[in-house]
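The values are calculated or read from the model by the stated rules, or taken from the named source; none is laboratory data. Nothing here was measured: the structure is a model prediction, and the numbers come from that model. Using ideal geometry, Cβ is built from the backbone for each residue, glycine included, and neighbour counts are taken over all protein chains shown.
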Amino acid sequence: MGHGDKKVYPAAMMAAAMIILVTGCSKAQETSELPGGAYISEESTGDDAEDMAKETNLPTDEEQIGEIGGRRLTEAELQEYTEWVQEKSNYGFLLSDWEDPAQINLFEVFYGGAGISHAGTEEQIQAFLNRYGQEELYTDFLVMDKADMNVFLAEKVGLSYDELLAKGNNSIEGIYYPETDSFCIEAGDTNYCMFTCTDGVLNEDGTIVTLDFEGDYWVSKCEVKVNIIGDTKVIVSNHILEGSILDEMNEPIEEPACLIDENVLNNPHFDADASAVESGYVLGDWSKITKDALQGTWYHHPKSEGENKRYDVALKFDGDNAVVYYPAQDFYGEVCYEWDVIDRSGRGLCPELDIYFRGTKDAPLVWYILGISDDKEYFWCNGEVFYKQ
């Protein structure tokens, strides 16, 4: 999985650099700036100026900064950008290659909280545990409210989360919890990458800086463009030039095939009349609920969700193999699991449908089935009706 609090916006640095470099010079008006932020006195001109530029590895007046224009950043400015990008609120933007904010891997940006996370409530923790079938948390639990995320992204890249989502960026929809309008994740520090700013050029207008960074992890080199608006920095793009992450990006992605028929997922039918069990706690004949009776494909759509299919569930039972399509729980019908129907009638309890998605019988995915129709066209779980496809 992916990476990790204060948001700090360094002040504009051009003026500061000039003050530092001319401090102690009794004749500041006799100095002129070379491309690159260095200074020479007006007595040193012509060949002397060019020689000094060569000695400091800076471009000559004729070379300028190539097609970018402007001036190269000083060492002090590079250090400030190094400190800036190492903050939790910034480094995650360098962990994916993007020209448009819609291409940003937001999971990498927010894996460590990005400086806006907070501890979860009992409700949020329980919702997370329920979704993943866990009994406890194993690492740090981070919660980011969508309202905070909207403000944060608008400051960083000029677009809110809702605007990025509208542009097709759904890279963290899998950790969204609509009931609390927040994003919840268990995270460690595995994705943190230490970046050093090695070079940079500020354009002639002082509005855009192009920065070269070197990283110590899976991004080795990247180029970042930042738009400077007053004391605020808006990241415009990031291009990864070297690093092991490029192998992952360039590797052809072989998506596992869904094992449930596409026509079922796109056009489920709900022909059977299940009105008698769609509301209330209705008990059926539990003896009819067996593995044999459940063979085939079943589909459930919660009517409370309207047209939203995120919480739909499709189950396919073929002999001893079970397939689960359940986007809200990150199941996409790509794997076969062992499964069973547990008879609990001796304790006065309805049958339990267990799907052993962990590879063991510990903490299975469970449905408590209250009944199945005589014609086996639907079964129900306390009002949640699964229709035979």
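Just a few scattered comments:
- Pick from the stretch 306-342, criterion part of a loop (DSSP other than H, G, I, E, B) and hydrophobic (A, V, I, L, M, F, W, C), ranking: farthest from Glu377 (Cα to Cα): Val335
- Candidates are the residues of the stretch 59-84 that are at pLDDT below 95 and among the hydrophobic types (A, V, I, L, M, F, W, C); the one that is farthest from Val209 (Cα to Cα) is Ile65.
- Of all the residues in the stretch 179-194, those that are out of contact with any Phe, Trp or Tyr (no Cβ under 9 Å at 6 or more places or on another chain) and loosely packed, with under 15 Cβ neighbours inside 10 Å number 3.
- Looking across the stretch 315-344 at every residue that is farther than 25 Å from Glu262 by Cα and β-branched (Val, Ile, Thr), the one that is surrounded by the fewest Cβ atoms within 10 Å (Cβ to Cβ) is identified as Ile342.
- Any hit, the stretch 147-159, residues being in contact with a Leu (Cβ under 8 Å, 6 or more places away or on another chain) and either of a type in the set (S, T, N, Q) or at pLDDT 95 or above (or both): yes
- Residue check, Trp380 over 30 Å from Ser171 (Cα atoms), in a strand (DSSP E or B) and either among the charged types (D, E, K, R) or over 33 Å from the mean Cα position of the chain (by Cα) (or both): yes
- Listed conditions (1) in contact with a Cys (Cβ under 6 Å, 6 or more places away or on another chain); (2) aromatic (Phe, Trp, Tyr); (3) in a loop (DSSP other than H, G, I, E, B) are all met by Tyr81, apart from (3).
- One residue stands out among those in the stretch 230-274 that are exposed (fewer than 10 other Cβ atoms within 10 Å of the Cβ) and over 30 Å from Tyr326 (Cβ atoms): the one that is modelled with the lowest pLDDT, which is Asn250.
- Val219 at pLDDT 95 or above and either surrounded by 20 or more Cβ atoms within 10 Å (Cβ to Cβ) or hydrophobic (A, V, I, L, M, F, W, C) (or both): no
- Filter pass, Val224 being closer than 20 Å to Leu153 by Cβ and buried (at least 16 other Cβ atoms within 10 Å of the Cβ): yes
- Residue, farthest from Tyr332 (Cα to Cα), within the stretch 256-299, restricted to residues that are in a helix (DSSP H, G or I) and not hydrophobic (A, V, I, L, M, F, W, C): Ser287
- Considering Ala166, Ala154, the condition of being within 27 Å of Ala127 (Cβ to Cβ) and touching an Asp or Glu at 6+ places or on another chain (Cβ under 9 Å) is satisfied by Ala154 alone.
- One residue stands out in the stretch 345-369 among those that are surrounded by 13 or more Cβ atoms within 10 Å (Cβ to Cβ) and outside any strand (DSSP E or B): the one that is nearest to the chain's Cα centre (by Cα), namely Phe357.
- Selection over the stretch 197-221 of residues that are among the polar types (S, T, N, Q), part of a strand (DSSP E or B) and closer than 20 Å to Val157 by Cα gives a count of 1.
- Figure legend. Inter-residue proximity from the stretch 230-241: first residues closer than 17 Å to Ser220 by Cα and assigned to a strand (DSSP E or B), second residues modelled with pLDDT under 90 and not acidic (Asp, Glu), beta-carbon distance below 9 Å, spacing 6+ or different chains. Indicated pairs: Ile240/Leu246; Ile240/Met249.
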